[in-house]
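Q: What follows is a single structure, and I will ask about it in a moment.
The values are calculated or read from the model by the stated rules, or taken from the named source; none is laboratory data. Just so you know, these numbers come straight off a predicted model, no measurement behind them. Cβ placement follows ideal geometry from the backbone for every residue including glycine, while neighbour counts extend to all protein chains displayed.
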Amino acid sequence: MLTTAASADTVIEAKDLSVGYGGHAVLTGINFTVSPGEVFVIGGGSGCGKSTLMKAMITLLPPVSGTLRIAGHDLVTGGDEAVQQVRRSIGVMYQGGALFGGLTVLENVRLAMEEQGLRTWSEMNSLALSLLAMVDLDEHCNKMPSALSGGMQKRAAVARALAMNPRIVFLDEPSAGLDPISSAEFDQMVVRLARSTGRTFVVVTHELPSIFTIADRMVVLGGAKKTQLAIGSPKELLDSGPPDVRRFLARQPEERAPQGATS
Amino acid sequence: MPSDVQSPSGPTVIVLEGELQDARVREVWEDLVGRARSAGSGSVVVDATGLREVSGTGLLLLAELRRTVVWAGGTIEVRGLSADQASLVERAVGHKPPEPREQDSHFVSDVGETAFRMLDELADTVRFVGGAAIDLAYALRHPKSLRWRDLLRVMGQSGIDSMPVTCLLSGIVGFIIAYQMMPALDRYGAADQTPTIMGFAIIRELGPLITAIILAGRSGSAFAAEIGTMKVTEEVNALTTMGLNPERFLVTPRVLAVAITTPLLSVFASFAGVLGGWLPMVARDMSLELYLQGVRNSIDQVDFLQGVFKAFVFAIVIGGIGCRSGLQTQVGPGAVGASTTRAVVSGIVAIIILDGVLVALFHAIGI
Ligand SMILES: Nc1ncnc2c1ncn2[C@@H]1O[C@H](COP(=O)(O)OP(=O)(O)OP(=O)(O)O)[C@@H](O)[C@H]1O
Ligand SMILES: [Mg+2]
């Protein structure tokens, strides 16, 4: 693999990456690259380290070792400067939406623009409104977040994540807490946004229907030592991935061999 | 009845018959586990063919037997369970659980550890409050960077809304002090000196202190709860990844708001306290004019400003500690509550200690 040549057309690159808490690795041996415009899914069973990996990518958790390059900035060696640069290149939808409770939906979307202070008031408003229209929330723009359903809050959070025109959008567990229909609608929205804006989406999820709908490629985490099990398109992995990964994608629990019994 | 047949060379056989419900499980638990243990690394057969009813705890007992034997290195066979029951019992041997951690608590090392933790905590708090004060100065020079809406909201809550309770409390404390002081002063025939004492005690000391204690209870706790909730719902993370500094965004407006309102509030509280001190004097036929005149004569501007300055410092410390507790909120259902409690307790402890330090300092520089 020509990793150096690849960096021109990759937006995320992880090499021998270990992530964890307090300098103690939880997840090791991560190697993948994400190309611009791709919808990339981070999957795996509960507790395998998906959230930990995502926290490292969105600069909330310093990586333990290896290389983690987001939008061209290395979070391992780049220090504070790289962290600031990465924050300017990403938008994040948190699992529960994490909308600011004291602001209306529109103000939530507008906030980052306001703080940047480069646009006029009417520019910001019309931008925020058109972002909200993209997620079908323009008519609810003056409501407080607490007056929205969980799914609407998540969509508003997506609009907020898109506000600063990020190169990469991170979505944390978009299906969590949504009914199957809303979840499917959300998936279609993600695909639509990815195709129409050409942005890269990184989605953490363990919902199989979502994975098969949205993922161009995915990485599956897991194993006893918590590492990367496989990388590829969901279809490829289901057909010819390692047994653990196929079991995950086919929703088959592992057979439990009885231990220590004579019978 | 469970019985066991020990054949000289063969396995230990435990036969279970009848029912194995909760009451009976309790009776036979020790006995059966003991027998399983005494089999050592030999083999054990549990014959449950004759069991008619087994409760959940009954299955737990079977699981415990299995675990005991397997971990001793032996082998066990449980006969006569349904497939579902058997699969539950078989699960009992997965990973060996870690030994429960020993609670080693030595009084001396506990005290030492706590002291060190408190010192660390203190250093951190001082750093944070100092940082908040610096951010505050920055915000005052760059007023555009300030969240005005938050500022005004907190000023309303911490100032106007707490005015009645602060004044009421301070008035009552003033009344109590004057009332308790009078017999002692009477002994020296100095009851007419009450206004002097009230001026000193209330304006230099109790007015600011009472205001600060109420501030800790109302605003310090509110800051911790608000910011703590934002931490739990990942709103603080959202600010961070949006490139907005949570400290500047959440802490500065709150600390600035209380730094503005508390000195004012303290002036009102002091006045209410002084007035409260007049009430017992009514019985002595001291007119309000005369009383206030006495208070006026006892203190000068420096005393007054000293009280205002104290209130200002207390406000920054309590606001800073409240916000810091909020930002340090951990995950879990009790986390926000814990942060709130910590904000109030450390806030009150901090201002009382600080008050002592300030008194000594003012004395040293002679004001
Ligand atoms: N704050 C923390 N400090 C230390 N270890 C942690 C912390 N948070 C999570 N872990 C550990 O990291 C591992 C991975 O957790 P993580 O939350 O990343 O899993 P996940 O894949 O997101 O699981 P889920 O699908 O259930 O959300 C777990 O073993 C967990 O014990
Ligand atoms: Mg997670």
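Q: Which of the residues that make up region A:46-71 are more than 6 Å from ligand 1 (Cβ to nearest atom) and more than 19 Å from A:Ala161 (Cβ to Cβ)?
A: A:Pro62, A:Pro63, A:Val64, A:Ser65, A:Gly66, A:Thr67, A:Leu68, A:Arg69 - these are the residues of region A:46-71 that are more than 6 Å from ligand 1 (Cβ to nearest atom) and more than 19 Å from A:Ala161 (Cβ to Cβ).
Q: Also, quick follow-up: What do you reckon, is A:Phe212 of a type in the set (Phe, Trp, Tyr), under 22 Å from A:Ile58 (Cα atoms) and away from ligand 1 (no atom under 16 Å from the Cβ)?
A: no
Q: Next question. Mind counting the residues in region A:18-28 that are within 17 Å of the chain's Cα centre (by Cα) and more than 11 Å from ligand 1 (Cβ to nearest atom)?
A: Summing the residues that are within 17 Å of the chain's Cα centre (by Cα) and more than 11 Å from ligand 1 (Cβ to nearest atom) in region A:18-28 gives 0.
Q: So, one more: Given the criterion within 14 Å of chain B (Cβ to nearest Cβ) and at positive phi, identify the matching residue among A:Ala163, A:Ala98.
A: Answer to the check: A:Ala98.
Q: OK, next. Take region B:283-292 and flag every residue that is surrounded by 13 or more Cβ atoms within 10 Å (Cβ to Cβ) and assigned to a helix (DSSP H, G or I).
A: Residues satisfying the conditions are B:Leu290, B:Tyr291, B:Leu292.
Q: Away from chain A (no Cβ under 14 Å) and assigned to a helix (DSSP H, G or I): which single residue out of B:Phe223, B:Phe268 fits that description?
A: Just one listed residue meets the conditions, B:Phe268.
Q: Regarding A:Ser130, is this residue away from ligand 1 (no atom under 16 Å from the Cβ) and either over 17 Å from A:Glu38 (Cβ atoms) or crowded, with 16+ Cβ neighbours inside 10 Å (or both)?
A: Considered against the rule, which asks whether it is away from ligand 1 (no atom under 16 Å from the Cβ) and either over 17 Å from A:Glu38 (Cβ atoms) or crowded, with 16+ Cβ neighbours inside 10 Å (or both), A:Ser130 comes out as yes.
Q: Let me ask something else. Only residues that are aliphatic (A, V, I, L, M) and buried (at least 21 other Cβ atoms within 10 Å of the Cβ): list them for region A:63-93, please.
A: Hits for region A:63-93 are A:Leu68, A:Ile70, A:Leu75, A:Val86, A:Ile90, A:Val92, A:Met93.
Q: Any idea which residue in region A:5-63 is nearest to A:Pro209 (Cα to Cα), counting only those that are among the acidic types (Asp, Glu) and touching a Lys or Arg at 6+ places or on another chain (Cβ under 8 Å)?
A: Out of the qualifying residues, it is A:Glu38.
Q: Can you pull out every residue in region A:174-216 that is under 22 Å from B:Gly243 (Cα atoms) and of a type in the set (D, E, K, R)?
A: Correct list: A:Arg199 only.
Q: Then there's this: What helices (runs of 4 or more DSSP H) completely inside region B:63-176 contain at least 2 residues that are within 14 Å of chain A (Cβ to nearest Cβ), modelled with pLDDT of 85 or more and surrounded by 11 or more Cβ atoms within 10 Å (Cβ to Cβ)?
A: Counting at least 2 such residues, we get B:148-155.
Q: In addition: Within region A:186-207, restricting attention to residues that are among the aliphatic types (A, V, I, L, M) and within 16 Å of ligand 2 (Cβ to nearest atom), which residue is farthest from the other protein chains (Cβ to nearest Cβ)?
A: A:Val203
Q: May I ask you to verify whether A:Gln153 is over 20 Å from B:Pro246 (Cα atoms) and within 24 Å of the chain's Cα centre (by Cα)?
A: In short, yes.
Q: Answer yes or no as to whether B:Thr340 is part of a loop (DSSP other than H, G, I, E, B) and under 13 Å from the mean Cα position of the chain (by Cα).
A: Answer is no for this residue.
Q: Among the numbered conditions (1) more than 17 Å from A:Glu38 (Cβ to Cβ); (2) within 14 Å of another protein chain (Cβ to nearest Cβ), tell me where A:Pro243 comes up short.
A: (2)
Q: Further question on the same structure: Just to be sure, is B:Thr241 in contact with a Leu (Cβ under 6 Å, 6 or more places away or on another chain) and either within 13 Å of chain A (Cβ to nearest Cβ) or touching a residue at least 24 places away in the same chain (Cβ under 8 Å) (or both)?
A: No.
Q: Can you name the residue in region A:215-240 that is of a type in the set (S, T, N, Q) and away from ligand 1 (no atom under 16 Å from the Cβ) and is also surrounded by the fewest Cβ atoms within 10 Å (Cβ to Cβ) among such residues?
A: Filtering first and then ranking leaves A:Ser240.
Q: Inspect region A:164-181 for any residue being touching a Lys or Arg at 6+ places or on another chain (Cβ under 6 Å), away from ligand 1 (no atom under 16 Å from the Cβ) and within 18 Å of B:Glu234 (Cα to Cα) and give the result as yes or no.
A: yes
Q: Name the pairs: first residue in region A:167-178 and within 13 Å of A:Met57 (Cβ to Cβ), second residue of a type in the set (Lys, Arg) and within 13 Å of ligand 1 (Cβ to nearest atom), Cβ to Cβ under 9 Å, at least 6 apart or on different chains?
A: Listed by first residue and then by second, the contacts come to A:Asp172/A:Lys50.
Q: Does A:Leu53 fit the bill of being within 16 Å of ligand 2 (Cβ to nearest atom) and either touching a Ser or Thr at 6+ places or on another chain (Cβ under 7 Å) or aliphatic (A, V, I, L, M) (or both)?
A: For A:Leu53, the condition - within 16 Å of ligand 2 (Cβ to nearest atom) and either touching a Ser or Thr at 6+ places or on another chain (Cβ under 7 Å) or aliphatic (A, V, I, L, M) (or both) - is met.
Q: Please enumerate the residues belonging to region A:76-90 that are facing chain B (nearest Cβ under 8 Å) and closer than 26 Å to A:Ala176 by Cα.
A: The answer is A:Arg87, A:Ile90.
Q: Could I ask something else about it? B:Val282 is checked against (1) away from chain A (no Cβ under 14 Å); (2) without any contact (Cβ under 8 Å) to a residue 60 or more places away in the chain; (3) within 24 Å of the chain's Cα centre (by Cα) and fails just one. What number does that condition carry?
A: So the condition that B:Val282 fails would be (3).
Q: Moving to a separate point now. Quick one: A:Ser183 ticks every box in (1) away from ligand 2 (no atom under 16 Å from the Cβ); (2) out of contact with any Asp or Glu (no Cβ under 9 Å at 6 or more places or on another chain) bar one, so which box is it?
A: With respect to (1) away from ligand 2 (no atom under 16 Å from the Cβ); (2) out of contact with any Asp or Glu (no Cβ under 9 Å at 6 or more places or on another chain), A:Ser183 is out only on (2).
Q: Would you mind finding the one in A:Leu106, A:Leu60 that is within 16 Å of ligand 2 (Cβ to nearest atom) and either in a helix (DSSP H, G or I) or surrounded by fewer than 23 Cβ atoms within 10 Å (Cβ to Cβ) (or both)?
A: Testing whether each residue is within 16 Å of ligand 2 (Cβ to nearest atom) and either in a helix (DSSP H, G or I) or surrounded by fewer than 23 Cβ atoms within 10 Å (Cβ to Cβ) (or both) leaves just A:Leu60.
Q: Looking at A:Val92 and the list (1) under 16 Å from the mean Cα position of the chain (by Cα); (2) within 16 Å of ligand 1 (Cβ to nearest atom); (3) more than 30 Å from A:Cys141 (Cβ to Cβ), which single condition is not satisfied?
A: (3)
Q: Name the pairs whose Cβ atoms lie under 6 Å apart, with the first residue in region A:36-64 and within 14 Å of chain B (Cβ to nearest Cβ) and among the hydrophobic types (A, V, I, L, M, F, W, C), the second part of a loop (DSSP other than H, G, I, E, B) and more than 13 Å from ligand 2 (Cβ to nearest atom), and 6 or more positions between them or separate chains?
A: Close Cβ pairs (under 6 Å, with a partner that is part of a loop (DSSP other than H, G, I, E, B) and more than 13 Å from ligand 2 (Cβ to nearest atom)) amount to A:Ala56/A:Pro63.
Q: Kindly provide the set of residues from region A:124-149 that are under 15 Å from A:Gly97 (Cβ atoms), among the polar types (S, T, N, Q) and assigned to a helix (DSSP H, G or I), ordered by number.
A: A:Ser146
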